[in-house]
């Protein structure tokens, strides 16, 4: 996989060379159909959040039941997942590392160990690192990395205690994908 610190900079290989790999990467590209472009956006969303298709369908069904805009609700549900919140708080350099931290039991939610990365957090939930886990190599690097980090508006981060609080529901995303195409894909 791509290194998280490298893909956050302009040196990311996907930014430098957006063509397909191999000798035919620059060759003629066929125009995508409507379904193909919707599928591509869905795959981009799934790869960004590290969520498999079954979980995406489940979250979409939950978002579709909500009377608010389905696309925004869908993104809100993806953002509220525990692995994503751990990443947004700066506890991990990428979502996949955050998923491992949660899966290995290094993250507490409201004082209780939680090892389910797909757990949806509510307003008022407190996320902390497990006290016994603060001695491992990854956890020792977190205080240095967090010093200059600004958490999103919907999260409150205490940099000294290494704990975060969900203050409100996430909204106003700067997403690199078209959520309406993903909604159209799942609405079929």
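Do we have residue 55 as surrounded by 11 or more Cβ atoms within 10 Å (Cβ to Cβ) and either modelled with pLDDT under 90 or assigned to a helix (DSSP H, G or I) (or both) here?
Taking the combined requirement at face value, the residue satisfies it.
Any chance region 30-45 includes a residue that's under 25 Å from residue 168 (Cα atoms) and in contact with a strand residue (DSSP E or B) (Cβ under 8 Å, 6 or more places away or on another chain)?
No; the residues of region 30-45 include none that is under 25 Å from residue 168 (Cα atoms) and in contact with a strand residue (DSSP E or B) (Cβ under 8 Å, 6 or more places away or on another chain).
Could you tell me whether region 65-76 includes any residue that is in a loop (DSSP other than H, G, I, E, B) and at pLDDT 95 or above?
No, because not a single residue in region 65-76 is in a loop (DSSP other than H, G, I, E, B) and at pLDDT 95 or above.
The values are calculated or read from the model by the stated rules, or taken from the named source; none is laboratory data. Not measured: the values here are computed from a predicted model. Note: ideal-geometry Cβ built from the backbone for every residue, glycine included; neighbour counts use all protein chains shown.
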